[in-house]
Structure formats: C-alpha cells, structure tokens
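The values are calculated or read from the model by the stated rules, or taken from the named source; none is laboratory data. Predicted model only: the values in this text are computed from it and were never measured. Every residue, glycine among them, receives a Cβ derived from its backbone with ideal geometry; neighbour counts consider all protein chains shown. Remember, those area values only see protein heavy atoms, side chains included, never the ligands or the DNA or RNA. Shrake-Rupley method; radii C 1.70, N 1.55, O 1.52, S 1.80 Å.
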Amino acid sequence: MRRTQVSINLTALRHNLQRVHQAAPGCRVMAAIKANGYGHGLVRVAQALNDSDSFGVACLDEALRLRAAGVSAPITLLEGFFHADELPLIQRHQLDVLLHHEHQIIALERATLRTPIRVWLKIDTGMHRLGVSPESAPSLWHRLASLPALQLMGQMTHLACADERDHPATGQQLSQFAQATEGLPGERAIANSAGILGWPETHSDWVRPGIMLY
C-alpha cells in the first residue's frame, strides 16, 4: 500500500495572510484557526500567522492548547462558553468570548467575575448558525453593558452567501446588522473570507479570514 503524505507550506499561509491585509487595508484581522487550523495543525498555523491581531477558535480546549504552546495573542472563543464552570479558565488565560445565546448572558449575570472578560455579541442576520436575533440585540447589549466585570468589544455577524456576488442576501444582512447595531458603541466584525475578497463594504473594523488562509 502506498503511503499518502500531506505537505503544509507555512510560507503559503503567511502569503495568504498578507493578501488579507492587501484586500482589507486598515482592518484588524482575526484569523480563524478552528478545527485544528482547518486540519493544518493548530499550533503551527498560529505560529505561522503571528502577524494576525487575534485568533478565532471553536472551543476552550483549542484555546488552552494555544496558551500551553506559548501563544500570547488575543484568542476569541467563537462559540463562547458552554458551561459557567469554564469561566475561571477563560479569565485565567485571558480569552475573549463571543456570546450568541441569552443563556450565556444569564450565566455572566449570575457569575462572580474576579477579572474582566472581553466579550463580543454575535447577531444572526441570516446565516442561522449562531447568534441572537437582530430585534433582541440592543436590549441584550445593554444588559451586558450593566455588568462592570465585562469589557465589551463590539458586535459581530456572519455572512451566509458572500461567495455569490449576485446574491441579494449579503446586502440584506448588512442592512439588518446596521439596524440592529445603530447607536451601539463598540467595534464591528462582519467579513468572512468571501466578504474580504468580494464585498469591501463588509470590511468594517475587523475581518475574519478562514478558508482563504488555507
């Protein structure tokens, strides 16, 4: 039986990150390295992409692996936390948290937080994967703002059809997001890989490249 080999070109990864900076100048970059760096190796990918402003991972376990490997850059848990007993580890390792469901906000309201946690609020504008409803976003944001132990980063959404340039969904999502966040302080994070490459109007403060890096 022939052996199959996979070659990971870290120089190509770094080149792709530079393409992100060229396509979205002036934006901060949250490099998505979830799912073991899309199968390329979590730690080696993070080390190769150290020019990113932060990293996005799926879960606490991935974040802890990065911290154990000496990665000190900001790390965002893109699915937030699943149980309140994860909060001490989140605090200890200075992890950022994406909030996408009210139960997470309730857990934060009930928790005794000894050190601040930085949080994003994710709004579902049409991807229908994770996120609070646009209608509930302002009230949930104000609940978060009332908790002194939280540092509110801003609002985030995810584009569903940005890889189709003639699809009306992206424009509709941008409109919904603008309405949901009108008057709210904080930064905005909208563009995924397809948004970075094809929709400059989605670039905002942060971009979140994923598949285009690989």
| Say we look at the range 31-51 and pick out the residues that are outside any loop (DSSP other than H, G, I, E, B) and of a type outside the set (A, V, I, L, M); which of these is surrounded by the most Cβ atoms within 10 Å (Cβ to Cβ)? | Gly37
| Conditions (1) modelled with pLDDT under 95; (2) farther than 22 Å from Asn192 by Cα; number of the one not met by Arg129 | (2)
| field | Pair list, Cβ under 7 Å, 6 or more apart: the range 51-74 residue closer than 19 Å to Arg208 by Cα and in contact (Cβ under 8 Å) with a residue 60 or more places away in the chain, other residue hydroxyl-bearing (Ser, Thr, Tyr) and open to solvent by less than 50 Å² (accessible area, probe 1.4 Å) | value | Gly56/Thr76
| field | One residue from Leu197, Leu174 being in a helix (DSSP H, G or I), open to solvent by 20 Å² or more (accessible area, probe 1.4 Å), within 26 Å of Leu13 (Cβ to Cβ) and in contact (Cβ under 8 Å) with a residue 24 or more places away in the chain | value | Leu197
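Quick check on this structure: which one of Leu121, Leu152 is open to solvent by less than 20 Å² (accessible area, probe 1.4 Å), touching a helix residue (DSSP H, G or I) at 6+ places or on another chain (Cβ under 9 Å) and not small (Gly, Ala, Ser)?
After ruling out the rest, the residue left standing is Leu121.
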| Is there a residue in the range 94-103 that is farther than 15 Å from Arg143 by Cβ and open to solvent by 50 Å² or more (accessible area, probe 1.4 Å)? | yes
| task | Could you give me the residue pairs with C-beta distances under 8 Å whose first residue belongs to the range 79-90 and is under 15 Å from Trp120 (Cα atoms), whose second residue is of a type outside the set (A, V, I, L, M, F, W, C) wherever it lies, and which are 6+ apart or on separate chains? | result | Glu79/His100; Gly80/His100; Gly80/His101; Gly80/Gln104; Phe81/Gln104
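Could you please give the count of residues in the range 141-171 that are closer than 21 Å to Val97 by Cβ and free of Cβ contacts under 8 Å to residues at least 24 places away in the same chain?
The first filter runs over the range 141-171 and keeps only residues closer than 21 Å to Val97 by Cβ, leaving 141-158.
Retained after the next criterion (residues that are free of Cβ contacts under 8 Å to residues at least 24 places away in the same chain): 142, 145-146, 148.
Residues meeting the conditions: 4.
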